[in-house]
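In what follows, a structure is listed as structure tokens, so that the remarks can point back to it.
The values are calculated or read from the model by the stated rules, or taken from the named source; none is laboratory data. Source: prediction; values computed, not measured. Neighbour counts run over all protein chains shown; Cβ positions are idealised from the backbone, glycine included. Note: areas computed on protein heavy atoms with side chains; ligands, DNA, RNA excluded. Shrake-Rupley method; radii C 1.70, N 1.55, O 1.52, S 1.80 Å.
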Amino acid sequence: MSTDRDTDADLNEEEAREQLIDLAAQFYDQFADGDVPRMEIPTRTKSNIVFDEEENVWVYGDRHSTRSANSVNGARKLLKATYTIEFLAKQLEAGRSSTLRELYYLSESWDEERAQFNDQDESNQLVEDLEIVAEVTREDFHMRPEESGATVMGPLYLREQTRRGEREIHCQKDVGEGGYQIPNNPDTIEFLEDDADFVLCVETGGMRDRLVENGFDEEYNVIVVHLKGQPARATRRLTKRLHDELGLPVVVFTDGDPWSYRIYGSVAYGSIKSAHLSEYLATPEAEFVGIRPQDIVDYDLPTDPLADSDVNALESELDDPRFQDDFWTEQIELQLDIGKKAEQQALASRGLDFVTDTYLPERLEEMDVL
Amino acid sequence: MTSFQSQLGEGGGSGATAEELAEGQRSISIAEFFEKNKQMLGFDSDAKALVTAVKEAVDNALDATEEASILPDVYVEIEDRGDYYRLVVEDNGPGITREQVPKVFGKLLYGSRFHVREQNRGQQGIGISAAVLYAQLTSGKPAKVTSKTETGGDARYFELTIDTDTNEPEIDVDESASWERPHGTRIELEMEANMRARRQLHDYIQYTAVVNPHARIEFHEPADSFKFERATDELPPETEEIRPHPHGVELGTLLKMLDATDSYSISGFLQGEFTRVGAKTAEGVCDSFRDRHFGREVAWRPPEAHEEADPEAAVREAVANKSSEATAAFAAAVAEAVAAEERLAHSEVVAVVDSTAADVAEEFDETFGETVREKAAAAAWSAVTDERAADCYELVDGATTTRKDDAAVEGLATRLAETFGSQDDGRNRVTREELRAFVDRAADAAEEYDDATFGDTARENVTDAFWERARTVPDEVPSVSAVADDRDAAARLLEAMRATDILSPPTGCLAPISEELVEAGLRKEYDADFYAAATRDAEVHGGDPFVVEAGIAYGGDIDDDGDVELLRFANRVPLVYQRGACATVDVVKEINWRNYGLDQPGGTGIPNDPAVLLIHVASTNVPFTSESKDAVANIPEIESEIELALREAARELKSYLNKRRSLEKRRRKQNVIADILPEMAEKLAEVTGREPLDVDDSLARIMNNVLVERTVDGSTVELSVHNYDDTGVSGEITEIVTADPGDHEEATVVEMDGEWFLKWAPEVAAGETATLRYEVDGDAEFDVSVEGIEAERLTIDA
């Protein structure tokens, strides 16, 4: 299973196809033996993730759930899986790709009505199941998410293998203010040259634009990665590659609320839904800049009160194995104590340049990044 | 048992007896009486009149045949003749003679069955005669009766009218007639009627067929015809007649019985005319009757030595003209005997004086005449009662709470003692009511003058204390004839009978339908998927034993629109009116049918299912809400039995429904999965580029099914029975082969028309496989069938 093994990111199309067909053959053999067809998948909940000491990331534990044809739902799932396997195999054979949403609509055209998906969550989940069971990443199935990837701005020169040929791009000089758009499969990128000191991942578009406008990337030689909320796999993969291949420290700058801590968590530790890919996506060395609850107190930032759902989320994070360290325990308890949260933009209450002139330099110095 | 004038109000609660009604109607014509009491008799509308007439005639027909141990064959025809409706009811009973005709059909309120302690249909109405009268009053036509007895010969034809002045039936025509039935009776009535109560009529006939599975009933009405065949040849058991139970008679009945009995004494009457009354019980009733009739005598404590009253001196003084020795001895003996008793009532003092007088007379050879004895007794009684106030104090003090003020107790006791002292009846003889009146008067006075309070409970307690202390008098119980002439005395006797503990009546007098036949009846008339029935043990209400039965039919062809159909019966007679007033309906509504797997919106009320509920109350006296006898009264004992019977049957329904639901779920699941898996297998073969797949084995395993598979290898044939379930199965497996498999050790082999039937009965434990092997020569065709395993759980792959 993928959790026990290094997922080969460079699996070629033929290999991916074979892995899928092997999975179909497993079901075939189960039928042939008079057995009940089934597939086992690790339980994807926070209670079933364990810390992988070697890789320093969180991966799935031993708990598995079984999708088995001995229930009506299980039988339907397996039928859908079989049809999806056929679709993916054909797509790989033809060298095409499609989006997750396209898969959902495409199922409408299948003649077997019971194999069609009821909603996109179902098709997304099934693709994740197949990733795990077939040990092939979604990207290697040539499935991509709907949303285009986030952007990068900074002193980085790279070469991208596009469908229309190779492109060499400098992420400050060759791009507009919007920056360089991360492709769905960042493994098609080759880093040519860089002049960067570190990588700054920013949650919100507003803050990213502020940093670019203030020329923060130029002043501090920083590659600014826009996360666009919960980061897409491509964004996380690229961040990891910037860290691993270029040896750049990574810091994460988000809002000061429980949902933003999870954004940091998925960059640093891997997300619960894709823990099978943590080794490939997570950057365990990534550090959290802020906004920390401590900052709310220290800088006397304008705040909103915590909603009930925020409190629940914070309490749930106290139980989350990914947040079990002194820093997070202290910060979350402080936040529960003050009952407040703040956005990145709250820093503007001290002036538009406060973030680039004061807050970030102070924080980054504290963290030994500067 | 003697026959009495029938009684209309029996059990109905009104207490109005037929006798009383009849007394009231002697001055008016029978027609007028009928007119006034129509609704009571079930003839309140033209529509209902027809139902009632059919009901009376059919009940009569069924009773007549059953009494003669003949399986009933009843024919009912209703014909619209323009002005009137004609009703014809025929039975195959023993037939009746000319003498019986007026009695059976003509005499209003005739019939022995009104008072008979036996379960029978006739209780239900006032009889066919009412229908005859109704027909005569509305159409002016006589009742036409044809009857043929088993003795052979021709049938007789009669025309019968009732003289409305005298209430006497008259036979106007009596002639020989020919009739195809070997024996039986036919009655034809013409009356004003309509078919607006068609549904009730149909219900009545159909329900009668359900509850009388031994009867064959044919029914024709202007718009429809039905035939109900019999489902059993078993006649209902004959019921034993029992004498009435003392707790179950009404005053009117008691008076009639007193009038008619041959007994002289009440004790003899009780033992002779009632069930469960022996000498001891009779004595108990008589004592209780004495207490009510004569009252009791309050007993007082005789004076002790230090007290002022001296019985010896008093008696000595009272005796005159006797020798001084005898007088002294007599007085001493009386005083001694009196002192020996803890308490004495007047009658006991008299007894002491009488017996002492006899002893002393013998010893001294002197006679103590009546006058002397009376005087002596009076003197002794006066001495005994001298300290009555002290006795009263003790009783009042004992009966009231300790918190009562002593002065208040003293005041009440003194007043009571005075009341007894000044009582007209110097013997201090009181009934309980009089005693209570004494206490009330004394207590009222105490409240008024002593500023004390005596509440109702205190008064009742004091009354009880005195009543306990009082003695039943030795007076002769009045004779039967004296009581018969004295309504009040009879009422006291009835009270005494009810107050005495008496064994419950025997239950042999009841004929429940039985669980088997309730089920058979439902099975006959309702094509359902499931039937259950329950017959409870006999219970007693008042003086009457009763049995409740319930039946349920569910599913199948039973209508699925709306409420369940509720069939109500009393003594095998369907109740089709006044559903809302019936105890049976109340009970059904209160049961939580959801517990039994039925659909009951809100958890109360009539459930909403394709089901039929049957309730039968059999009793020597079914309590109805009214004289028209359409609804069973809400008697807690009976309601509780109805509920228990329904629940008993419903428990079976529940387990059936549970099983059915789980099989249904299994079937649905099987259908879905059995649909999906082949699709999946086909796609898998396509994707992997391999051979097409067979999914039966996987399917059987998924369904926890039993899979039967055949493999043929040369001449060896193997049938494998895989049991994927978690419980063992045993089934019967029959393989039909077109070639001779030879003899076989484990299977039985039978050859029929060139086919060989091999039959096994393997038992396969959970998760095990049984292999059935045999040999055939040459080519053969095979066909396997399995019995004893539900189709839902069976997969045959052979």
Shape of region B:253-294 from its Cα gyration tensor (a ≥ b ≥ c, root eigenvalues): rounded if a/c is under 1.5, otherwise prolate when a/b > b/c, or oblate? oblate
Given just the C-alpha atoms of region A:180-220, how large is their convex hull per residue in cubic angstrom? 96
Which value does Rg/Rh take for region B:426-488 over its C-alpha atoms, Rh per Kirkwood? 1.15
Rounded to the nearest 10, the angle in degrees between the Cα long axis of helix A:120-134 and the longest principal axis of the Cα atoms of chain A comes to 80
Enter the angle in degrees (range 0 to 90, nearest 10) between the Cα long axis of helix B:370-384 and the first principal axis of the Cα atoms of chain B, meaning the one along which they spread out most. 80
Scattering from the C-alpha atoms of region B:302-454 alone, worked out with Debye: what is log10 I(q)/I(0) at q = 0.21 1/Å? -1.21
At a Förster radius of 25 Å, what calculated FRET efficiency corresponds to the Cβ-Cβ distance of residue B:423 and residue B:354, to the nearest 0.05? 0.60
In whole percent, how big is the carbon plus sulfur part of the accessible area of region B:609-768, probe 1.4 Å, protein atoms only? 43
Surrounding charge for residue A:67, neighbours by C-beta under 11 angstrom, Lys/Arg +1, Asp/Glu -1, total +2
Using a 1.4 Å probe on heavy atoms of the protein chains only, the accessible area for residue B:253 in Å², nearest 10, reads 20
Suppose we take every Cα in chain A and form the convex hull; what volume per residue is that in Å³? 148
Where in region B:522-552 is the amide nitrogen less than 20 Å from a point lying 7 Å along the Cα-to-Cβ axis of residue B:586? B:539-550
For region B:284-383, what does the accessible surface come to per residue with a 1.4 Å probe? Please give it in Å². 48
At 1.4 Å probe radius, can you tell me the per residue accessible area of region B:515-648 in Å²? 32
When the convex hull of the C-alpha atoms of region B:756-798 is computed, what volume per residue in Å³ does it have? 103
Mind pulling the angle between the C-alpha long axis of helix B:636-688 and the longest principal axis of chain B? Nearest 10 degrees, somewhere in 0 to 90. 20
May I ask you to give the percent of accessible area on region A:201-337 that is carbon plus sulfur, with a probe radius of 1.4 Å? 43
At q = 0.14, 0.17 Å⁻¹, what base-10 log of I(q)/I(0) does the Debye formula yield for region A:32-180 when every alpha carbon is treated as an equal point scatterer in vacuo? -0.88, -1.09
What average count of beta carbons from other chains do you get within 10 Å of the Cβ of residues in A:21-32? 6
Using only atoms on other chains, find how many Cβ atoms lie within 10 Å of each Cβ of peptide B:682-692 and report the average. 6
Given 10 °C and 1.306 mPa s, how large is the Stokes-Einstein diffusion coefficient of chain B in µm²/s, with Rh as the Kirkwood radius over Cα pairs? 47
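Give me the summed buried accessible area for the B-A pair, 1.4 Å probe, to the nearest 100 Å².
Accessible area lost upon association: around 2300 Å².
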Label model pair residue A:102, residue A:35: point-to-point distance (7 angstrom along the Cα→beta-carbon line) in nm is 3.6
What's the FRET efficiency of residue A:221 with residue A:308 using the Cβ-Cβ distance as r and R₀ = 60 Å, to the nearest 0.05? 0.90
Roughly speaking, what % of Cα-Cα pairs in region B:546-607 are separated by over 20 Å, rounded to a whole number? 30
Residues of B:667-677, mean number of Cβ from any other protein chain within 10 Å of their own Cβ, rounded to a whole number? 4
Loop only by DSSP, 13 or fewer other Cβ within 10 Å of the Cβ. Give me the GluC sites (Glu not before Pro) in region A:76-108 that pass, ordered by residue number. A:108
Cleavage-rule hits, trypsin sites (Lys or Arg not before Pro), region A:169-249, DSSP coil, Cβ neighbours within 10 Å at most 10: A:173
Between Rg and the Kirkwood Rh of region A:44-123, both from Cα atoms, what is the Rg to Rh ratio? 1.09
Theoretical ellipticity at 222 nm over chain B - DSSP helices of four or more residues, -39500 (n - 2.57) apiece, nearest 500: -13000 deg cm²/dmol
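Lys and Arg at +1, Asp and Glu at -1: add these up for the other residues within a Cβ distance under 12 Å of residue B:406 and post the number.
Once positives and negatives cancel, what remains is -2.
Give the carbon-plus-sulfur fraction of the accessible surface of region B:212-334 in %, rounded to a whole number; probe 1.4 Å, heavy atoms of protein chains only.
Of all accessible area on region B:212-334, carbon and sulfur atoms account for 42 percent.
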Can you list which of the GluC sites (Glu not before Pro) found in region B:144-220 are DSSP loop residues with at most 11 other C-beta atoms within 10 Å? B:180
Looking at region B:438-583, what % of the alpha carbon pairs are farther apart than 22 Å? 69
Debye intensity ratio I(q)/I(0), log10, the protein assembly as shown, q values 0.08 Å⁻¹ (C-alpha model): -0.99
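Determine the percent antiparallel among the DSSP beta bridges restricted to the protein assembly as shown, to the nearest 5.
Just about 80 percent of them are antiparallel.
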Rg(Cα)/(2.2 N^0.38 Å) for region A:127-223, N = residue count: 1.24
